[in-house]
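The values are calculated or read from the model by the stated rules, or taken from the named source; none is laboratory data. Since we're looking at a predicted model, the values are computed, not measured. Glycine also receives a Cβ, built like all others from the backbone with ideal geometry; neighbour counts cover every protein chain displayed. Accessible surface areas use protein heavy atoms only, side chains included; no ligands, DNA or RNA. Shrake-Rupley method; radii C 1.70, N 1.55, O 1.52, S 1.80 Å.
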Amino acid sequence: MRNRLRDLLAVLVMAVAFSGAAFGQTYGTKGYSPGAWKPEELPKDLSKPKAYNPHDLNGVWSSPTRAGYFERHALNDKWLDIKDKSIPDQMRSQTYPPPMTPAAKEKFEATKPSYGPRSVPPGLGNDAVSTCDPMGYPRDLYEANLRPFEIVQAADRLLVHMQYHDIWRTVWTDGRELPKDPDAAWMGYSVGKWDGDTFVITSMGYDDRTWLDHFGNPHSDQMVLVEKWRHPDADTLTVDMTISDPKVYTAPWVGETVTFLRAKAAIFEELCVPSEEEHFNDKIRDAAVGTAKP
């Protein structure tokens with residue numbers, strides 16, 4: 001509880017300061033995450049490198065950072081050239097999806113995100129994550145620059161463990177096909193197989209209440225996501241994503257390659273607890289815009 005409050009206060013300070021330097025100094029892929037075992041408390045054998053195998057995706061991964069810009073928020077994350085340079089780059093970045101259908105554009109315009117040129121103060125927004133609803137996928141993957149994720153491979157499945165909200169995603173590798181008429185699921189339904197040294201994941205059946213990214217870009221329950229994961233060397237993992245959703249986008253949305261590095265960190269508990277989130281909303285988000293409970 002103390003760690004969570006400490007982290008939340010740190011985020012508040014950064015948001016108020018709007019300092020790119022502050023963001024860059026607070027998070028990164030080096031070192032061990034707060035709350036994890038300290039290096040000196042771990043067996044020395046754990047630090048020994050394992051033999052490289054392009055089909056072995058096991059491990060903890062995180063997005064690399066760089067000065068002035070460290071957050072990725074969408075399939076295509078571009079910087080906006082706006083005059084107010086005091087705003088950190090990550091708050092000015094924008095995503096460029098294919099043209100939306102009229103119904104999807106109406107749904108998009110109803111979103112009130114806290115990032116990008118349409119951003120509003122979190123207390124005035126409608127991002128469901130502020131009420132502990134799941135982020136969904138692939139949006140959850142964009143948290144990897146702040147919180148790492150872990151891949152665990154088993155004989156019949158690959159598990160992706162997201163530190164943020166302690167979410168587990170299952171990718172079946174036992175030869176099954178995707179369900180014909182699935183009930184909507186926060187993380188969808190996923191099957192994967194190897195094509196040479198590329199692990200291809202196909203997913204569908206996503207709950208359309210989630211956003212694709214931090215900018216509020218929507219999707220429908222008919223979305224199909226194809227991911228191509230590659231492990232080119234011992235410490236690097238990449239993914240290319242393509243979204244096909246004719247109900248929302250007039251063309252497939254092809255994302256830019258996302259690169260992850262092996263993180264010297266351990267996954268630790270980071271649950272979204274509704275009672276804590278409500279308290280934070282009341283004391284921080286809502287208080288900042290004058291809508292806190294009396």
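If we keep just the residues of segment 147-160 that are in contact (Cβ under 8 Å) with a residue 12 or more places away in the chain and open to solvent by less than 20 Å² (accessible area, probe 1.4 Å), which is farthest from the chain's Cα centre (by Cα)?
Ranking the qualifying residues of segment 147-160, first place goes to Leu158.
What's the number of the condition Lys283 fails, among (1) at pLDDT 80 or above; (2) open to solvent by 70 Å² or more (accessible area, probe 1.4 Å)?
In the conditions (1) at pLDDT 80 or above; (2) open to solvent by 70 Å² or more (accessible area, probe 1.4 Å), Lys283 misses (1) alone.
Any idea which of Ser275, Ser190 is open to solvent by 50 Å² or more (accessible area, probe 1.4 Å) and either of a type in the set (A, V, I, L, M) or without any contact (Cβ under 8 Å) to a residue 40 or more places away in the chain (or both)?
After applying the criteria, what remains is Ser275.
Gly125 is checked against (1) closer than 29 Å to Arg92 by Cα; (2) in contact (Cβ under 8 Å) with a residue 24 or more places away in the chain; (3) among the small types (Gly, Ala, Ser) and fails just one. What number does that condition carry?
Evaluating Gly125 over (1) closer than 29 Å to Arg92 by Cα; (2) in contact (Cβ under 8 Å) with a residue 24 or more places away in the chain; (3) among the small types (Gly, Ala, Ser) leaves (2) as the failure.
How many residues, within segment 176-185, are out of contact with any strand residue (DSSP E or B) (no Cβ under 8 Å at 6 or more places or on another chain) and either touching a residue at least 12 places away in the same chain (Cβ under 8 Å) or open to solvent by less than 50 Å² (accessible area, probe 1.4 Å) (or both)?
1
When only residues in segment 46-84 that are among the charged types (D, E, K, R) and at pLDDT below 75 count, which is nearest to Arg262 (Cα to Cα)?
It comes out as Lys48.
Select, from Asp197, Asp166, the only residue that is open to solvent by 50 Å² or more (accessible area, probe 1.4 Å), in contact (Cβ under 8 Å) with a residue 24 or more places away in the chain and under 24 Å from Trp253 (Cα atoms).
From the options Asp197, Asp166, the qualifying one is Asp197.
Would you point out the residue of segment 89-146, among those that are within 15 Å of the chain's Cα centre (by Cα) and open to solvent by 50 Å² or more (accessible area, probe 1.4 Å), that is farthest from Glu276 (Cα to Cα)?
Tyr115
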